[in-house]
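Engineer: I have a structure I would like to understand better, so I am pasting it below and will then ask my questions one at a time.
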Amino acid sequence: MSGETPCFKISYYDEFRCLQGECPDSCCHGWSIPIDDEALKLYGARKGLFGLKLKLSIHGRERKVFSPMALRCPHLRADGLCELQKKRGEVFLPQVCRDYPRVVANYGPRAEYQLDLSCVHAASLFLRDPRGGFVPAEEEKLPELYGNNEDAAYFEKLLRSRGIIFSQVHSAGGDASLLDAALRDIAAKSRAFQDALIGGNEEADFGSGEEEGGAMRLFPLPIAELNEMMSTCFYEDWLRYSAPFLFRLCRLYYRRFDKLGYEAGEKELMRLFGKHVAGKAEVTELFGDYFLSLVARRYLFSYEDYSPFRHVKEALLVTDLVLLFYLLWCEKYGPPISRTLAHVISVTEKRAFHNDFALKDLLASVKST
């Protein structure tokens, strides 16, 4: 262990190896790539034609990004490999390129090493072991602290409440109605917990009151709420160039639901859900596990921003978007193979969590959770 901070990693963390040119949805395509100060110094010292090309490829108001139009990195070669890495080695890459999709968070009382499922191969590893939990990790050097909170008692509450969330979802098993009830209860408890924290109640804890699950169905969300989410900047025509697979998924939604009113749309949604998910225990369990993967990766961010409900809501909304795309794919093409479902997960997370506006719009669009 590093010092007195226990370190844990997700069970499949060490299995990750970049697919490089074999990747079906390269991280070098579809978003701006930030360049850290060390990399900027390295690039600025390059001379000749190579140095000129480097300088011309750096953009942004502060001249700290590649690919400002979110299409493709200028150093991505036709064979799917990185020209910078090919010519100068991994040390020449921006730090974000060297780290991705590895996500490390040191909260002080605990450090966790996970994989961001916006990477299609990381999503594939998750699907191979969706119940993969945390295992002890031996690290020689801890990363920098996440934030500056030193309230260890609050962190323990968060860690304990995350465990409760896991237990509730697991207890639902493969029953879709039980999973919906568990998610509604989790949403209600996390909202009450957050409200008490914001209200200054230092004794606040997860599930300490008599909260009951909210009235709105969460698995799946009603079509009215899904329509609101799909009407945000999560979907744009520009996706046909920057994220063609996500664009294809969104078009499946519009072709099926765009001309239906709320009543007819809700009926069609539940028909799809009944046909492809309800009654299929293994599928229901997988979506419960996917929700928990989001909670595992994002819930402890509440240690810094005191927003446990917000992070639960993020997980719920993204889970429902993946569920929506799963239903549409099943109806059009049949149940997706694992590689296709990993692609669905990765492009949905990439758009939701790695876009300046999409997540904010999604959260604002669903007000009744």
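The values are calculated or read from the model by the stated rules, or taken from the named source; none is laboratory data. Remember, predicted model here, so these are calculated numbers, not experimental data. We place every Cβ from the backbone using ideal geometry, glycine too, and count neighbours over all the protein chains shown. Remember, those area values only see protein heavy atoms, side chains included, never the ligands or the DNA or RNA. Shrake-Rupley method; radii C 1.70, N 1.55, O 1.52, S 1.80 Å.
Engineer: Using the Cα gyration tensor of region 61-202, with a ≥ b ≥ c the square roots of its eigenvalues, what is the shape: rounded (a/c below 1.5), prolate (a/b larger than b/c) or oblate (neither)? Don't jump to the answer; show the numbers that get you there.
Structural biologist: On the way: a/c = 2.14, a/b = 1.67, b/c = 1.28.
Taking the square roots of the gyration eigenvalues as a ≥ b ≥ c, region 61-202 is prolate.
Engineer: Turning to a different aspect of this structure: List, largest first, the extents of the alpha carbons of the chain along their principal axes, each in whole Å.
Structural biologist: Extents along the principal axes, in whole Å: 66, 53, 36.
Engineer: Find the all-direction average of the projected area of the Cα convex hull for region 122-200, expressing the result in square nanometres with one decimal place. Don't jump to the answer; show the numbers that get you there.
Structural biologist: Numbers: hull surface 31.2 nm².
About 7.8 nm², averaged over all directions.
Engineer: Would you mind computing, in nm to one decimal, how far apart the modelled labels at Asp356 and Lys280 are, each placed 7 Å from Cα along Cα→Cβ?
Structural biologist: Between Asp356 and Lys280, the simple spin-label model gives 3.9 nm.
Engineer: Sort largest first and round to whole Å: the equivalent ellipsoid semi-axes of region 3-135, each the square root of five times a Cα gyration tensor eigenvalue. Walk me through the numbers on the way to the answer.
Structural biologist: Values: eigenvalues 183, 68, 31 Å².
The equivalent ellipsoid of region 3-135 has semi-axes of 30, 18, 12 Å.
Engineer: Turning to a different aspect of this structure: Pull the list of the chain cysteines that no other Cys approaches to under 4.7 Å, Cβ to Cβ.
Structural biologist: When partners are defined as cysteine Cβ atoms under 4.7 Å apart, the chain leaves Cys7, Cys18, Cys23, Cys27, Cys82, Cys97, Cys119, Cys233, Cys250, Cys330 without one.
Engineer: Give me the percent of accessible area attributable to carbon and sulfur for region 1-47, probe 1.4 angstrom. Let's see the in-between values first.
Structural biologist: Details: 1400 of 2740 Å².
C and S fraction of accessible area: 51 percent.
Engineer: Using a Cα-Cα cut-off of under 22 Å, which lysines could be cross-linked to Lys47, ignoring same-chain neighbours fewer than 8 residues away?
Structural biologist: Within the straight-line cut-off, Lys47 pairs with Lys55, Lys64, Lys86, Lys87.
Engineer: What FRET efficiency comes out for the pair Ala45/Leu145, r = Cβ-Cβ distance, R0 = 25 Å, nearest 0.05?
Structural biologist: Working: r = 31 Å, r/R0 = 1.24.
Efficiency, from the Cβ-Cβ distance: 0.20.
Engineer: Oh, and also: Return the ratio Rg/(2.2 N^0.38 Å) for region 34-105, where Rg is computed over Cα atoms only. The partial results should precede the final answer.
Structural biologist: Details: Rg = 12.1 Å, N = 72, 2.2 N^0.38 = 11.2 Å.
For region 34-105, the normalised Cα radius of gyration comes out at 1.08.
Engineer: Under 22 Å from the Cα of Lys280, which lysines turn up, not counting those fewer than eight places away in the same chain?
Structural biologist: Lys267, Lys332
Engineer: If you don't mind, another one. Given contacts defined as C-alpha pairs under 8 Å and at least six residues apart, what's the relative contact order of region 189-341, whole-number percent?
Structural biologist: Details: 98 pairs, mean separation 44.8, N = 153.
Here the relative contact order equals 29 percent.
Engineer: In whole angstrom, how far apart do the alpha carbon centroids of region 116-173 and region 291-321 sit?
Structural biologist: 11 Å
Engineer: Kindly rank 287-299, 103-115 from highest to lowest mean number of other beta carbons found within 10 Å of each residue.
Structural biologist: On the way: 287-299: 22.5, 103-115: 19.8.
Peptide ranking by packing, descending: 287-299, 103-115.
Engineer: Please compute the length gained on full extension between Glu15 and Asp195, using 0.36 nm multiplied by the number of residues separating them and subtracting their Cα-Cα distance. Let's see the in-between values first.
Structural biologist: On the way: separation 180, 0.36 × 180 = 64.80 nm, distance 3.95 nm.
Between Glu15 and Asp195, full extension yields an extra 60.9 nm.
Engineer: Then there is this: Quick one: P(r) of region 281-356 from all Cα-Cα pairs, 10 Å bins, percents rounded to integers, in order of increasing distance.
Structural biologist: 18, 50, 25, 7, 1
Engineer: Once you have the Kirkwood Rh of region 94-162 from its Cα pairs, apply Stokes-Einstein at 20 °C and 1.002 mPa s and quote D in µm²/s. Intermediate results must be reported in sequence, preceding the final value.
Structural biologist: Details: Rh = 14.0 Å.
For these conditions, the coefficient is 153 µm²/s.
Engineer: Residue separation times 0.36 nm, minus the C-alpha to C-alpha distance between Lys86 and Ala152: what's the value? Mind dumping the intermediate values first?
Structural biologist: Values: separation 66, 0.36 × 66 = 23.76 nm, distance 4.48 nm.
Full extension from Lys86 to Ala152 adds 19.3 nm.
Engineer: For a quick check: with amide H placed at 1.01 Å from N, whose amide H comes under 5 Å from Leu115's, ignoring anything fewer than 5 positions away on the same chain?
Structural biologist: Val103
Engineer: Still on this model: Determine the shape class of region 148-274: with a ≥ b ≥ c the square roots of the Cα gyration tensor eigenvalues, call it rounded for a/c under 1.5, and otherwise prolate if a/b is greater than b/c, oblate otherwise.
Structural biologist: The shape class here is prolate.
Engineer: Also, quick follow-up: Among Ala243, Asn201, Leu142, whose Cα lies farthest out toward the positive end of the dipole of the chain, if unit charges sit on the beta carbon of Lys, Arg (+1) and Asp, Glu (-1)?
Structural biologist: Selected residue: Ala243.
Engineer: Also, I was wondering about something else. Using only Cα atoms, figure out Rg for region 74-128 and give it as a multiple of 2.2 N^0.38 Å.
Structural biologist: Details: Rg = 14.3 Å, N = 55, 2.2 N^0.38 = 10.1 Å.
That ratio works out to 1.42.
Engineer: On to the next question. If one computes P(r) from the Cα atoms of region 229-369, what percent of pairs lie at distances over 18 Å? All intermediate terms of the calculation are to be shown ahead of the outcome.
Structural biologist: On the way: 5723 of 9870 pairs.
That tail contains 58 percent of the Cα-Cα pairs.
Engineer: Roughly how many Å² is the accessible area per residue of the chain, as a whole number, for a 1.4 Å probe? Don't skip to the end; give the middle numbers.
Structural biologist: On the way: 17810 Å² over 369 residues.
Result: 48 Å² per residue.
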